[in-house]
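Trainee: Sharing a structure with you now.
The values are calculated or read from the model by the stated rules, or taken from the named source; none is laboratory data. Just so we're clear, the structure is a prediction, and the values are computed from it rather than from any experiment. Don't worry about glycine lacking a Cβ; one is built from the backbone with ideal geometry, like all the others, and counts go over all protein chains shown.
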C-alpha cells in the first residue's frame, strides 16, 4: 500500500498545519504503510536526504517515510506560493500511489481529474468560513475517486454534513501528541530550574503554548494577566513577526507579570509545560466563531499529556475532548471576570488540581499520533473496500 502525502506548504515550517501533516505521515509510515512525502522546496539542497533530515529533526520524527521535493517559490503574502505549488503538481504522476492524501485543494482537484483515489483533510467549519468551497466539496464527493474527507473534529465534520456531504465520506480522526517528546517527565521545580526564567517554586505560573498571531486570543490573555497581577504568565510560541507587536503592546501596557518566549522546538517545548501550575487555552470564542481558523487546537493534546490542570473555553469543539470538572475547567467564553475567578479558585483547591492532572494524563493515552494512524488506516480500508488490502504492522 503506497500513500502519497502531498503538501503545497514548504516543510519544515513553524506553521502548525505542517507539523500536523508531517506527524500524520510519520505515524502512518511507522504503522506499516509505504509513505512518500511530497513537498515544495524553495531552498537549494543537495538531494532530498538533507531535506529529509531537516524535516525529521525539526519536528522530532522517526522518519520512516521517503521524501520527494519539487521546486517552489519562497513563501509569499497571503500564502500565494501555494497556488504556484499546486499548479506545479499538475504535471506530477501520482498513479504509482494507491491513495493521495492531502490538505491541498489544488491537489484534490487534480487527483479527481486524473481519477486518482484521493483523501482530503480539513479542520475548519467550512460552511461558515468558506460557504462556496464547502458546497463545491460536497459536489466533488460524488466522484468515486474522492474517497473521503478526514476532519480533525466532530464540529468540522458535522458542519460539512449539514450542507449535504455524505456521512459515509466525512469522518473524524482527532490529532494527537508524540509521547517521546514528553520525556523525561519533569517536576515543576526541575523544569523551572532548567528554563532559567527566574521562576521559583512559590510562583504561581500560567502557561500558554502555541501560535500568537491575531485571532488566537492572546489579547484575552493579556487582559486576564492584568486582572491577576499575583500570577506569572508565560506565553511561548509564535514567529518573530507576530511576537514584535506583542512585545510592543506589553511595553505600552507596563504589565510586569507576562513573559513572551519565541517558538521552541517540539523537543524543548515540554519543559515549559512542566514548569506550569496551569495550562490555558484562551477562554474566548473569537478563534472559533469570529476568525474560524482555530478549531479544537492541537495544543489540547499536548496539554493533556503534560498532566497539568487546564483552563479552556466552554466551546463545542473543545468539549469534544475536554470535560468540565474532570479533565479541565471550562469557562464561559469571553468573560474576563469569569475566567479569572475560575483560574484563581483553581489555585486554592489542591485536590481539584490533582484530580484534573491525573485525569488529563490518563485521557492523553487515547490521543497519540500512533492512535490517529490506526484510525486513518481503518478509514482507508473502509473507503477502498475490496480494491486494495492494507497490510500493517501492529503497534
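Trainee: Over 23 Å from the mean Cα position of the chain (by Cα) and modelled with pLDDT of 95 or more: which single residue out of 157, 173, 162 fits that description?
Mentor: 162
Trainee: Out of segment 206-258, which residues are over 23 Å from the mean Cα position of the chain (by Cα), outside any helix (DSSP H, G or I) and in contact (Cβ under 8 Å) with a residue 24 or more places away in the chain?
Mentor: 228, 229, 230, 231, 232, 255, 256, 257, 258
Trainee: May I ask you to list the residues in segment 196-205 that are farther than 21 Å from residue 361 by Cα, in contact with a helix residue (DSSP H, G or I) (Cβ under 6 Å, 6 or more places away or on another chain) and touching a residue at least 60 places away in the same chain (Cβ under 8 Å)?
Mentor: If the condition is that a residue be farther than 21 Å from residue 361 by Cα, in contact with a helix residue (DSSP H, G or I) (Cβ under 6 Å, 6 or more places away or on another chain) and touching a residue at least 60 places away in the same chain (Cβ under 8 Å), then 199 is the only one that fits.
Trainee: Residues to consider are 71, 117, 127; find the one that is under 22 Å from the mean Cα position of the chain (by Cα), touching a residue at least 24 places away in the same chain (Cβ under 8 Å) and at negative phi.
Mentor: The match here is 127.
Trainee: Look at residue 160 and say whether it is surrounded by 13 or more Cβ atoms within 10 Å (Cβ to Cβ), touching a helix residue (DSSP H, G or I) at 6+ places or on another chain (Cβ under 7 Å) and within 25 Å of residue 343 (Cα to Cα).
Mentor: So residue 160 does not fit the description; no.
Trainee: Residue 155 passes all but one of (1) crowded, with 21+ Cβ neighbours inside 10 Å; (2) part of a loop (DSSP other than H, G, I, E, B); (3) out of contact with any helix residue (DSSP H, G or I) (no Cβ under 6 Å at 6 or more places or on another chain); which number fails?
Mentor: (2)
Trainee: Can we say residue 87 is modelled with pLDDT under 90 and out of contact with any strand residue (DSSP E or B) (no Cβ under 6 Å at 6 or more places or on another chain)?
Mentor: yes
Trainee: Separate question: Can you tell me which residue is nearest to residue 305 (Cα to Cα) among those in segment 346-378 that are in contact with a strand residue (DSSP E or B) (Cβ under 8 Å, 6 or more places away or on another chain) and crowded, with 18+ Cβ neighbours inside 10 Å?
Mentor: 364
Yes/no per residue for (1) in contact with a helix residue (DSSP H, G or I) (Cβ under 6 Å, 6 or more places away or on another chain); (2) surrounded by 17 or more Cβ atoms within 10 Å (Cβ to Cβ); (3) farther than 21 Å from residue 367 by Cβ:
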| residue | (1), (2), (3) |
| --- | --- |
| 179 | no, no, no |
| 183 | no, no, no |
| 188 | no, no, yes |
| 191 | yes, yes, yes |
| 194 | yes, no, yes |
| 210 | yes, yes, no |
| 219 | no, no, yes |
| 230 | no, no, yes |
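Trainee: Now a separate question. Scan segment 275-316 residue by residue and report those that are assigned to a helix (DSSP H, G or I), crowded, with 24+ Cβ neighbours inside 10 Å and over 15 Å from the mean Cα position of the chain (by Cα).
Mentor: 306
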